1. Taking the number of other C-beta atoms within 10 Å as the exposure measure, put VAL113, VAL182 in order starting with the fewest.
2. What does the helix-only formula give at 222 nm for the chain: each DSSP H stretch with n ≥ 4 adding -39500 (n - 2.57), the total divided by the residues, and the result rounded to the nearest 500 deg cm²/dmol?
3. Please work out the FRET efficiency for the pair GLU137 and ARG80, using the Cβ-Cβ distance as r and a Förster radius of 25 Å; give the result to the nearest 0.05.
4. About the Cα centre of the chain, how large is the charge dipole given +1 on each Lys and Arg Cβ and -1 on each Asp and Glu Cβ? Please answer in debye to the nearest 20.
5. Each residue of the range 180-196 in turn: what ³J(HN,Hα) in whole Hz from Karplus with 6.51, -1.76, 1.60 and θ = phi - 60°, glycine and Pro shown as x?
6. Using a 7 Å offset from Cα along Cα-Cβ at ALA110, what residues in the range 51-90 end up with backbone N under 14 Å from the label point?
7. Pull out a ≥ b ≥ c, the square roots of the eigenvalues of the alpha-carbon gyration tensor of the range 116-166, then state rounded if a/c is under 1.5, prolate if not and a/b is larger than b/c, and oblate in the remaining case.
8. Calculate how many DSSP beta bridges within the chain are antiparallel, expressed in % of all such bridges and rounded to the nearest 5.
Amino acid sequence: MDAALSGVHPRRVMRVTLLGTGTSTGVPGIACECHVCRSTDPRDNRLRSSALLEWRDGTTILIDAGFDCRQQLLRTRTRRLDAVIQTHAHADHSMGLDELRIFNFRQRRAVPVLGNAETLRQLRRTFWYVFEPTQYEEGKPKLDLSEIEGEFEVAGKRGLAVPILHGSLPILGFRFGDFAYVTDALIVPDESRRLLRGVDTLVVNALREEPHPTHQTLADAVAVVEDIRPRQAYATHVGHWLSAQDIDERTPSGMSSAHDGMVLEFAE
């Protein structure tokens, strides 16, 4: 048995750790003195949004490798990485991909990185040095990019890529069995909501209360949750306009604030 999952329910499980639950600046923000950035509630310290999926057989999949990737994987003492699935290629979700070269060194193979076609196009441009000859080939990350849509399989695990819109940019949410993860959505289309119905737990973005051109408000997130009707929902990708307490007080029963380090477990 994988030591990282010792002590959990004896049935095979998938464990999800929310590595980060903050927006692109993180919370607290640099040089900010607002009430949330000065909060003493540990839930209001939010790294950039990311999640780690682990199975009892040792399979480990990362959702998004952002700026804080190294710090996050050190916190979880992650020793193995089988794949990365990218919601999209914006900096706060992808700039940690270079950090994954440590897994190349230790596992002696490229790390599979999955996303939609536009995400992969942007990653090839941002990380050009990965895909072109350079002066020192051994020191750079080795990433194996693969396009996904709909149902997909990675590292022996079956998932579902759920199309959503980040402003006008098509990006992906992900569903693995009873767990679904949606971040950076402005719009969750009706067809995608259908794909998400029946989940036990939904993690969904809620940036702030005021409208934003590319992200859901807290009210938008609540509306999505009330439509999909998971047993439990958690708000992620939260900016410094909302504290964890604010979210808990302003959401209905069955929905609350996510926080960095939160662990969720699911029977397979």
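1. In increasing order of surrounding Cβ atoms, one gets VAL113, VAL182.
2. Computed ellipticity for the chain at 222 nm equals -5500 deg cm²/dmol.
3. The formula returns an efficiency of 0.60 here.
4. So the magnitude is around 840 debye.
5. 9, 10, 10, 9, 6, 6, 9, 10, 9, x, 4, 4, 5, 4, 4, 5, 8
6. Only 83-84 fall inside the zone, counting backbone N under 14 Å.
7. Because a/c hits 1.5 or more and a/b fails to exceed b/c, the range 116-166 counts as oblate.
8. Details: 32 of 57 bridges.
For the chain, the DSSP antiparallel bridge percentage is about 55.
Here, each number is a calculation from the coordinates, and none is a lab measurement. Since we're looking at a predicted model, the values are computed, not measured. Neighbour counts run over all protein chains shown; Cβ positions are idealised from the backbone, glycine included.
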